[in-house]
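Asker: Sharing a structure below in structure tokens format, with a few things to ask.
Only the coordinates and a few stated rules stand behind these numbers; no lab work does. Because the structure is a prediction, the values reported are computed rather than measured. When we count neighbours, we look across all protein chains shown, and the Cβ atoms used for this are built from the backbone with ideal geometry, even at glycine.
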Amino acid sequence: MTPDEVRAIALALPGAVEVDHHGRRAFRLTPGGQFATQWSGTELNVLLDESAARAAEGGPCSLLWWGKTLSGVRVDLTAATPELVAELLEEAWAHRAPARLREGRGEGRGTG
């Protein structure tokens, strides 16, 4: 996958915007926060909760640590499928999206 393909998937999510994060392309919700960073041309950091990160580990995904905190997965885009990247970005997006955005996608009813 190319960075532009990742960008298209991320920006297709409701409310997602592209921002600069220390010279790198990042995707975030306002409010809600960042959910992914294009770390390099071949690596994407996807911010997930611990259970989702551990479930995704393996193949093109390795655990992403921020100090002693498990913060998501680093995806090797040379080995990842578009379906995997889309699934991971959707998971990260849903974890940070406000209820009004999740409800528009049929998620998060009654939460909030």
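Asker: Rounded to the nearest 500, what is the 222 nm mean residue ellipticity of the chain from helices alone, with -39500 (n - 2.57) per DSSP H run of 4+ residues and division by all residues? Spell out each step's value before the answer.
Answerer: Working: 4 runs with 37 residues, N = 112.
-9500 deg cm²/dmol, from helical runs alone.
Asker: Right, here's the next one. With charges set only on the Cβ (+1 for Lys and Arg, -1 for Asp and Glu), what does the dipole of segment 43-104 come to about its Cα centre, in debye to the nearest 20? Intermediate results must be reported in sequence, preceding the final value.
Answerer: Values: 6 positive and 10 negative charges, 54 e Å.
Approximately 260 debye in magnitude.
Asker: Dipole magnitude of the chain about its Cα centre, charges +1 at Lys/Arg Cβ and -1 at Asp/Glu Cβ only, in debye to the nearest 20? Don't jump to the answer; show the numbers that get you there.
Answerer: Values: 12 positive and 15 negative charges, 81 e Å.
Taking the Cα centre of the chain as origin, the dipole is about 380 debye.
Asker: Just to be sure I understand the model, the point goes 7 Å from the Cα along the line to the Cβ. What's the resulting Thr69 to Glu18 distance in nm?
Answerer: Using points 7 Å along Cα→Cβ, the separation is 2.7 nm.
Asker: Per residue of segment 15-28, in order, report the coupling 6.51 cos²θ - 1.76 cosθ + 1.60 (Karplus, θ = phi - 60°) as ³J(HN,Hα) in whole Hz, putting x for Gly and Pro.
Answerer: Ordered by residue, 3J(HN,Hα) equals x, 6, 10, 9, 9, 8, 10, 6, x, 10, 6, 9, 10, 8 Hz.
Asker: Relative to the present Cα-Cα distance, how much length would full extension add between Glu5 and Ser51 at 0.36 nm per residue of separation?
Answerer: Details: separation 46, 0.36 × 46 = 16.56 nm, distance 2.63 nm.
This chain segment gains 13.9 nm when fully extended.
Asker: Same structure, new question: Quick one, can you get me the convex hull of the C-alpha atoms of the chain expressed as volume per residue in Å³? Walk me through the numbers on the way to the answer.
Answerer: Numbers: hull volume 11.5 nm³, N = 112.
That works out to 102 Å³ per residue.
Asker: Local charge sum around Met1 (other residues, Cβ-Cβ under 12 Å, Lys/Arg +1, Asp/Glu -1)? Show your work: numbers first, answer last.
Answerer: Values: positive: Arg7; negative: Asp4, Glu5, Glu43, Asp76, Glu83.
Here the charged neighbours net out to -4.
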